[in-house]
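The values are calculated or read from the model by the stated rules, or taken from the named source; none is laboratory data. Bear in mind that the values here come from a model prediction, so they are computed numbers and not experimental data. For neighbour counting, all protein chains shown are included, and Cβ atoms are generated from backbone atoms with ideal geometry for every residue, glycine included. The area values use the complete protein model at the heavy-atom level, side chains included, leaving out ligands, DNA and RNA. Shrake-Rupley method; radii C 1.70, N 1.55, O 1.52, S 1.80 Å.
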Amino acid sequence: MAQTSHEQGSAGTADPDEDSPNMIVYRKIEDIITRLQDESEGVPIRTVKSFMSKIPSVVTGTDIVQWLMKNLSIDDPVEALHIGGLIAAQGYIFPISDHVLTLKDDGTFYRFQAPYFWPSNCWEPENTDYAIYLCKRTMQNKTRLELADYEAENLARLQRAFARKWEFIFMQAEAQVKIDRKKDKTERKILDSQERAFWDVHRPVPGCVNTTEMDIRKCRRMKNPQRVKKSVYGLAEDTQTQSPVHTHLQHSRKDTKEDVEKEIFFLNTQLDRHCMKMSKVADTLMSYTEQYLEYDPFVCTSEPSNPWISDDCTFWELEASKDPSQQRVRKWGFSLDEALKDPVGRDQFLKFLESEFSSENLRFWLAVQDLKRRPLQDVAARAQGIWQEFLAEGAPSSINLDSQSYERTSHNLKDPGRYSFEDAQDHIYKLMKSDSYTRFLRSNAYQDLLLARKKPETEQGRRTSLEKFTRSVVILAYFTGVMNS
Amino acid sequence: MCDHTFVAITFGPCDSCTLNKPLMNIYLQNEPVNYCSLCVEMMACQGLTQGENLASLKAESEGLKLRLEEERAKLHDVELHQAAEKVEPLGQLVTKARRSLKGHGNKVLCTDWCRDKRRLVSSSQVTEHAVTMPCTWVMACAYAPSGCAIACGGLDNKCSVYPLSLDKNENLSAKKKSVAMHTNYLSACSFTNSDMQILTSSGDGTCALWDVESGQLLQSFHGHSADVLSLDLAPSETGNTFVSGGCDKKANVWDMRSGQNIQSFETHESDINSVKYYPSGDAFATGSDDATCRLYDLRADREVAIYSKESIIFGASSVDFSISGRLLFAGYNDYTINVWDVLKGTRVSILFGHENRVSTVRVSPDGTAFCSGSWDHTLRVRTGRYLSLSDTHTHTHTHTHSLT
């Protein structure tokens, strides 16, 4: 049963960026995080005794997984583990003894991130901050704060990059260490781990997904589009490098009078529209699906086998052949549209009409379809050609149009374009649908194909195809580009 | 006055009525102007009436929206999933990855199938040379119906067509033809029924139809008030419409011939990332950053189904239907693909395997497989089948970890 999605925040938020796609996800995660930490309904957050010390404020992975299953209506622990892992990867919870932000369904300990470090604050921490952080870590004499290999590499690289600033960075790190020493031991443990988890999000372990990456199409609407980077450690701005200002395009223009007038006109048109009852709509959707279910390889096993599964291309060869299967012929009977969509169906229908000496309608329809697919420069000439062939006085393949359509089409031809024959084509289509198409379905030719009454000379079966069918998927082109020079 | 004090005033032609009169120095939008007192008063009154007009128009518009909603609600006699209760349930879907294509080196942003049902084109972010293009990111790509050309574009604001040749070493960009020009990034492109026309959508808020050969703009479509992210052409042979979805949370249906917006749907709570027609052409599905997918029916002119779950909180980036329209495949930013029963509204399967956002999901033209592209640099082609009731007891998972 489809469930309604959670109510979003109030529509009238002052800051439009609050509704940006990333913020929507953050708010949902934060809601879960808040509930997880609820004293009565949340997970048990405890201080755990370990050897000579205590581990404050932790919860096990299993507890989190269980809670997610119960509170988010998840049946499968794998799914709960997956969403828990994403919440960790975004930086809202973290393992206390690992840089890799993921969730395990066992006794591993996790801690909650401090709201100060939450991704919803749109941090884009500078390398100077990172340098201070890594420098700080080397000053502290604790094994748990030892730099990992990749961190040591990062530090070395930053030392080279900030060679001239290094004295400043060193001083900042020293200052921070001094302040930290004054803090309560337990509090420090927690804060240290939270700070580390913050950097695990913004400077992830090589090989891990960088969850701060944005969809470039949505970047313009992010909070802080000017990308003025604020320091995590509260450093003054002039010590930060200013990134180039991104142009923030104004999207939400104020509605002008014309806009609203257009909207009113549009709404009135919609009110005049004749709509279908939902029960009828449901019936048509269901019957369409029912009718096509046998043609859906995801639902019914295809005969012959699905080439992707069996590596046998017979299925594709049959579809491309001029010798249609019964199943395919049956589809032509679903609608005129289906018959025309299949080139073989189209040919059969044409042949039938020719036998009745009434093929000009279909040929006209096909000619107009072709007209619409031509390059612009060919359109006028082709349109004239169609007029001459099908509609002009004494036309060789004269079609029967009502006088109104004829007048309109004739008028259109004064300035011929790809849509000059829309009226006429529509009229002819309706004619074919109600008249010749139904007779085609009852014809011997069609029935023979449908019931697979093969004539002896076509007993040969599959013909060899001219095309070579490749079995593996070939990506024909990689389109990548280069940075603008 | 006898003490000869006087107020100095300017006297001259009024900027508005051009008559010579005593002028008042005022500022309009930070620009100094000289209006006579009469014109100042008239302008103030006009401003008032203009303001009133706009407000009353807006009120009229809101009133119409309410009436429209009431009228539509009258026809809403049943929910789709309720009517579909009598439809036979599908059982368990098991999928398997058949191909995993890793050659990219960077995020896969979009793919398209060739009509021959076997070949794919895909585009990606860039850091490497493959084909030299003066374009940083390619976000949209499409196969021509003939299979002989490919269209693509992205941050270069253009859509270009490249004829394909069998010689892989040939420099494709030499034969490139620039077709579409927008004023912002190209978000999607699609050939119409021929190699000769391309439909594009852009971050500039418009869609456009182009003649490939001449590069001429045939028709433009205005109506979105923010980036358009996706489009899909109606599947019918007689169709002349397409649907688009964008960051203004709207899905619009357009007449390709006139450029007119025929219908509009606005029930999503965030950006619509993907739109796709139901195979009959009577309805279409959307995927949005509000973590839901929705089905809109054109004849009912309203939303008829929502596909969502409490545990799905990341946006849906791409949707596509199976051939019969019974299944909706949706790729999400939480790295998964959820498969929905379109009629019943339930989720039939969740597919793991990708290690980063799924950016694109496309079912092959004959429905034998679907392909998913991801920020994890891979493309995976998957097939699926339904287990009969006798098989179900041997399978304990309701999803597949695709490891190939």
Seminar exercise, completed: Note, the stretch B:144-152: 3J(HN,Hα) by Karplus (6.51, -1.76, 1.60, θ = phi - 60°), whole Hz, Gly/Pro = x, goes 6, x, 6, x, 9, 8, 9, 10, 7
Exercise. On the accessible surface of the stretch A:78-174, probed at 1.4 Å, how many percent belong to carbon and sulfur atoms?
Worked result: 53
Seminar exercise, completed: The long-range amide H neighbours of B:Val304, using H built 1.01 Å from N in the peptide plane and a cut-off of under 5 Å, are B:Leu295, B:Tyr296, B:Asp297
Exercise. Once the piece of chain linking A:Asp283 and A:Gln37 is laid out straight, how much longer is it, given 0.36 nm per residue of separation minus the C-alpha distance between them?
Worked result: 83.9 nm
Exercise. Against the longest alpha carbon principal axis of chain B, how many degrees, from 0 to 90 and to the nearest 10, is the axis of helix B:37-74 turned?
Worked result: 30
For this session: Run down the aspartates and glutamates and flag those whose C-alpha is under 16 Å from the C-alpha of B:Lys177, throwing out any fewer than 8 positions away in its chain.
Result: B:Asp156, B:Asp195, B:Asp211, B:Glu213
Exercise. Over the heavy atoms of A:Asp337, what accessible area does a 1.4 Å probe trace out, to the nearest 10 Å²?
Worked result: 30
Seminar exercise, completed: Simple spin-label estimate for A:Tyr150/A:Arg439, 7 Å along Cα→Cβ, in nm, reads 7.4
Exercise. Would you list B:Arg302, A:Arg137 from the most to the least accessible area, probe 1.4 Å?
Worked result: B:Arg302, A:Arg137
Problem set entry | Contact order relative to length of the stretch B:264-325, as percent, for alpha carbon pairs under 8 angstrom and 6 or more apart | 34
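Quote the total accessible area buried by chains B and A together, excluding ligands, DNA and RNA, probe 1.4 Å, nearest 100 Å².
Using a 1.4 Å probe, the pair buries roughly 11400 Å².
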Seminar exercise, completed: Cα-based Rg and Dmax for the stretch B:217-325, in Å, come out at 13.3, 45
For this session: Using a 10 angstrom cutoff on alpha carbons, build the Gaussian network for chain B and name the most mobile of B:Gly63, B:Gly205, B:Gly153.
Result: B:Gly63
For this session: Counting helices only, and only those DSSP H runs with n ≥ 4, report the 222 nm mean residue ellipticity of chain B as the sum of -39,500 (n - 2.57) divided by its residues, in deg cm²/dmol to the nearest 500.
Result: -3500 deg cm²/dmol
Exercise. Just for the Cα atoms in the stretch B:268-364, what are the lengths along the principal axes, largest first, rounded to whole Å?
Worked result: 39, 29, 20
For this session: Mind grabbing the accessible area of A:His82 for me, 1.4 Å probe, Å², rounded to tens?
Result: 40
Problem set entry | Three-way shape label, chain B, alpha-carbon gyration tensor, a/c 1.5 | prolate
For this session: Could you work out, residue by residue across B:73-79, how many beta carbons of other chains sit within 10 Å of that residue's beta carbon, and then give the average as an integer?
Result: 5
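Hey, got the average number of other protein chain Cβ atoms within 10 angstrom for residues in A:22-29?
Values: counts 3, 1, 10, 9, 1, 1, 6, 2.
For peptide A:22-29, the averaged partner shielding equals 4.
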Exercise. Can you list the HN-Hα couplings for the stretch B:340-351, worked out from phi with the Karplus curve (6.51, -1.76, 1.60; θ = phi - 60°), rounded to whole Hz and with x for Gly and Pro?
Worked result: 10, 7, 4, 7, 8, x, 9, 8, 9, 6, 10, 10
Problem set entry | Charge sum, other residues only, whose C-beta stays under 10 Å from B:Asp77's C-beta, Lys/Arg counted +1 and Asp/Glu -1 | +2
Exercise. When only C-alpha pairs under 8 Å and at least 6 residues apart count, what is the relative contact order of the stretch B:175-233, in percent?
Worked result: 32
Seminar exercise, completed: Phi-derived 3J(HN,Hα) across the stretch A:353-360 with the Karplus relation (6.51, -1.76, 1.60, θ = phi - 60°), rounded Hz, x for Gly and Pro, is 5, 4, 5, 9, 6, 9, 7, 4
For this session: List every residue whose amide H lies under 5 Å from the amide H of B:Ser288, counting only residues 5 or more places away in sequence or on a different chain, with H placed 1.01 Å from N in the peptide plane.
Result: B:Asn273, B:Ala316
Exercise. By its C-alpha gyration tensor, with a ≥ b ≥ c as the square roots of the eigenvalues, how is the stretch A:98-144 shaped: rounded for a/c under 1.5, else prolate for a/b larger than b/c, else oblate?
Worked result: oblate
For this session: Whenever you get a sec, compute what percent of the accessible area on chain B sits on carbon and sulfur atoms (1.4 Å probe).
Result: 53
Seminar exercise, completed: Partner shielding of B:314-326, as the mean number of partner chain Cβ atoms within 10 Å, equals 5
Exercise. Which order do peptides B:264-270, B:70-76, B:212-218 fall in by mean Cβ count within 10 Å, highest first?
Worked result: B:264-270, B:212-218, B:70-76
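Going by the alpha-carbon gyration tensor, a ≥ b ≥ c the square roots of its eigenvalues, is the stretch A:276-354 rounded (a/c under 1.5) or, if a/c is not under 1.5, prolate (a/b greater than b/c) versus oblate? Don't skip to the answer; put the middle values down first.
Numbers: a/c = 3.47, a/b = 1.16, b/c = 2.98.
Taking the square roots of the gyration eigenvalues as a ≥ b ≥ c, the stretch A:276-354 is oblate.
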Seminar exercise, completed: Full extension between A:Val177 and A:Lys341 adds, at 0.36 nm per residue less the Cα distance, a length in nm of 51.7 nm
For this session: Amide H neighbours of B:Cys141 under 5 Å, at least 5 residues apart or on other chains, H built in the peptide plane: list them.
Result: B:Cys189
